[in-house]
Amino acid sequence: MEIFDPAELWNKEQIESVQLARLKNALARARNCAFYRERLDQAGIGPDSLRSPDDLRRIPFTTKQDLRAQYPSGLLCVPPSEIVRMHCSSGTTGAPVAVCHTQNDVNVWADLMARCLYMAGVRREDVFQNMSGYGLFTGGLGIHFGAERLGCMTIPAGAGNTRRQIKLIRDFRTTVVHILPSYALILGEYLRSNNENPRDLPLRIAIVGAEPYTEEFRGRVEDLFGIKIYNSYGLSEMNGPGVGFECAERNGLHIWEDAYIAEVVEPETGRPVPVGEVGELVMTSLCREGMPILRYRTRDLTRFLPGECACGRAHRRVDRILGRTDDMFIIKGVNVYPMQIEEVLMAFPEVGQNYLILLENDGVSDMMRVQVEVRDEYFVEDMRILQNLQKAIARRLRAEILLTPRVELVESNSLPRAEGKAVRVRDSRDNK
Ligand code: AMP
Ligand code: ZN
C-alpha cells in the first residue's frame, strides 16, 4: 500500500497510546480559555485525570449552542497574535460559528487533507480543480492547501460559472475535481444540453462531499462522467475537510484517529451505541492549538463500521453520513430523513438532478409535497406516461416512509438552486 504519512500504518495500540498523550495535551490547552476551564473544573477533570482514552467520556459535550455563545473568540486558547486564519461554518442551520487557526493548525490540516487525497489515488502529477466556494467556507482553502501540499497544480476555480469551469478543465487538462454533489449533476447536464459528452473530459477522480448524498447518486455521477468518486467528510468545527475520507475500498470513511477521537452516541442520552448501530457522531480535536474543541456533538448521523478495512489501515471507519439529527422532520408522526427520499428518487432514471421537499399545513393537517425535476428526454407530451411515473414515485416513497406525499413532476432546471449547500426541505408549517 502506498501511503502519504507513516501514521496511516499505525496499529490500534499505537493509535490509542498517541490519542491518550494528545488528549492530555488538548485538555491542558483547552484550559487556556475560561469556557473549558470552568467546564472541566465543574466535571472534576484536572490535568492528570485521564488514564485511558475511555476516560474521555467524563468530559462534558460541547454543542453548537456553546460555540455560538462563544462567538467570535471566546474559545481562543492562544494569544490572538498567534492566529493566522479564521473560518466560519456555512450557517445552513443558524448563526455562525467561528474557528481560528494557528500556523501549526493550518499546516496540520493541509497534511491531513493531502493524506486523504493521496489515499484516494491523487498524485502530484494530477491537475486539481477546486470547484467549491472559497472564502469563509472551508471547502475552498481547506481542500486547496491539501492539494498544493501534495504537489498538484491546484486551480482555485471557486463555485459556479459552469462555462469557465469546463474551459479550465479542457485548457489545463484537469484530472481531479473537488465538487459539491448538487453541482456535479448541473455540470453534467450543462454539457449534455450543449451536445457534449461529459466522458470526453480528461477527469478521472472527483472528491465529493460537504453535503449528504446516496450511493445511487454516486453511481449516476460516476456513469455520467466515467470517473471515480470519493466521499469526503469534514466540518468547520474540526477544521473542515480532511476529517473522514474514503480509501480505494470505498467502503466507509476512515477517520484519522491520530488527529481526532470519534465517538458515536445515542442522541437522547449521550451514551455510546454499539459498533454498527446508528447514532450521532461526536468529535474531539487532538492537535488543534488555536481552538481545541472537546467532544463536539456534530449532529451528523452515522455508525462505526465493524471489522478491519481491506486496505490495511487501522483508523476506524464510519458509514457515509446518513443525515443530521436536525435534518429529520416529523410529518404525521413519521420521522423522515431527506436522504430516504433522495434514495427513492435517484433510483428512477427519469428523475433529473434536483428535488425539493415542501412541508405545509392547510390549517387542518400537515402535507408533504415532493417536487421532482424530470430529465428533458422524459418530459414528454403524453400525459399518461408522466402520470404513471408520478404514481410509481409516490408508491415507492410510501413503501419507504409509510406515508404518501403529493409528487409533482417539473421540468429540469426549474427548481431553485443554491450556490453552496443544497436546500432540500422547505418547512412552512407554523407548528413545526
Ligand atoms: P460546514 O462546517 O459548514 O462545512 O458543514 C459541515 C457539515 O456538512 C457536517 O456536519 C455535515 O453535516 C455536512 N457534511 C460534510 N461533509 C459531508 C459528507 N461527505 N456527507 C454528508 N454530509 C457532509
Ligand atoms: Zn481502507
- Query: Given the conditions (1) more than 16 Å from ligand 1 (Cβ to nearest atom); (2) part of a loop (DSSP other than H, G, I, E, B); (3) surrounded by 16 or more Cβ atoms within 10 Å (Cβ to Cβ), and given that I293 satisfies all but one, which numbered condition is not satisfied?
  - Reply: (1)
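Does R220 satisfy being more than 14 Å from ligand 1 (Cβ to nearest atom), modelled with pLDDT of 95 or more and not in a loop (DSSP other than H, G, I, E, B)?
Details: more than 14 Å from ligand 1 (Cβ to nearest atom): yes; modelled with pLDDT of 95 or more: no; not in a loop (DSSP other than H, G, I, E, B): yes.
Answer is no for this residue.
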- Query: How many of the residues making up region 131-141 are within 16 Å of the chain's Cα centre (by Cα) and either open to solvent by less than 40 Å² (accessible area, probe 1.4 Å) or small (G, A, S) (or both)?
  - Reply: 6
- Query: If only one of E268, E237 is in the same structural domain as R22 (by TED's automatic domain parsing) and out of contact with any Ser or Thr (no Cβ under 9 Å at 6 or more places or on another chain), which one is it?
  - Reply: E268
- Which residues, counting only those in region 48-66, are of a type in the set (D, E, K, R), over 26 Å from the mean Cα position of the chain (by Cα) and open to solvent by less than 40 Å² (accessible area, probe 1.4 Å)? D55
- Conditions: (1) open to solvent by 10 Å² or more (accessible area, probe 1.4 Å); (2) within 16 Å of ligand 2 (Cβ to nearest atom). N161 meets all but one. Number of the miss? (2)
- Based on what the data block shows, is L191 more than 16 Å from ligand 2 (Cβ to nearest atom), at pLDDT below 95 and over 26 Å from C100 (Cβ atoms)? yes
- Query: Which numbered condition trips up E360, out of (1) surrounded by fewer than 17 Cβ atoms within 10 Å (Cβ to Cβ); (2) under 24 Å from G209 (Cα atoms); (3) not hydroxyl-bearing (S, T, Y)?
  - Reply: (2)
- Query: Has region 193-214 got any residue that is part of a helix (DSSP H, G or I) and buried (at least 21 other Cβ atoms within 10 Å of the Cβ)?
  - Reply: no
- Task: State whether the residues of region 166-180 include one that is within 16 Å of ligand 2 (Cβ to nearest atom) and either surrounded by fewer than 19 Cβ atoms within 10 Å (Cβ to Cβ) or among the polar types (S, T, N, Q) (or both).
- Result: no
- Task: Could you grab me the full set of residues in region 96-121 that are within 16 Å of ligand 1 (Cβ to nearest atom) and either of a type in the set (S, T, Y) or in contact with a helix residue (DSSP H, G or I) (Cβ under 6 Å, 6 or more places away or on another chain) (or both)?
- Result: V97, V99, M113, L117
- Task: Taking the residues in region 71-111 that are at pLDDT below 95, out of contact with any Pro (no Cβ under 7 Å at 6 or more places or on another chain) and crowded, with 19+ Cβ neighbours inside 10 Å as candidates, determine which candidate is nearest to G139 (Cα to Cα).
- Result: S90
- Note on the structure: Being within 12 Å of L286 (Cβ to Cβ) and open to solvent by 40 Å² or more (accessible area, probe 1.4 Å) narrows K24, K12 down to just K24
- Confirm whether E237 is in contact with a Leu (Cβ under 7 Å, 6 or more places away or on another chain), open to solvent by less than 10 Å² (accessible area, probe 1.4 Å) and in contact (Cβ under 8 Å) with a residue 60 or more places away in the chain. yes
- Condition met for C287 (touching a residue at least 24 places away in the same chain (Cβ under 8 Å) and either more than 30 Å from E82 (Cα to Cα) or open to solvent by 40 Å² or more (accessible area, probe 1.4 Å) (or both)): no
- Task: Mind listing whichever residues of region 304-334 are within 16 Å of ligand 2 (Cβ to nearest atom), without any contact (Cβ under 8 Å) to a residue 60 or more places away in the chain and open to solvent by 30 Å² or more (accessible area, probe 1.4 Å)?
- Result: P306, G307, E308
- Scan of region 250-266 for residues that are more than 14 Å from ligand 1 (Cβ to nearest atom) and part of a loop (DSSP other than H, G, I, E, B), ordered by number: N251, W256, E257, D258, A259, E266
- Query: Condition test on E38, is it within 27 Å of P241 (Cβ to Cβ), in a helix (DSSP H, G or I), free of Cβ contacts under 8 Å to residues at least 40 places away in the same chain and more than 16 Å from ligand 2 (Cβ to nearest atom)?
  - Reply: no
- Message: Here is a list: N231, N251. Which entry is within 16 Å of ligand 2 (Cβ to nearest atom), open to solvent by less than 20 Å² (accessible area, probe 1.4 Å) and polar (S, T, N, Q)?
- Response: N231
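The values are calculated or read from the model by the stated rules, or taken from the named source; none is laboratory data. The structure displayed is predicted, hence computed values, not measured ones. All Cβ positions, glycine included, derive from the backbone under ideal geometry; neighbour counts span all protein chains shown. SASA here: full protein model, heavy atoms, side chains in, ligands and nucleic acids out. Shrake-Rupley method; radii C 1.70, N 1.55, O 1.52, S 1.80 Å.
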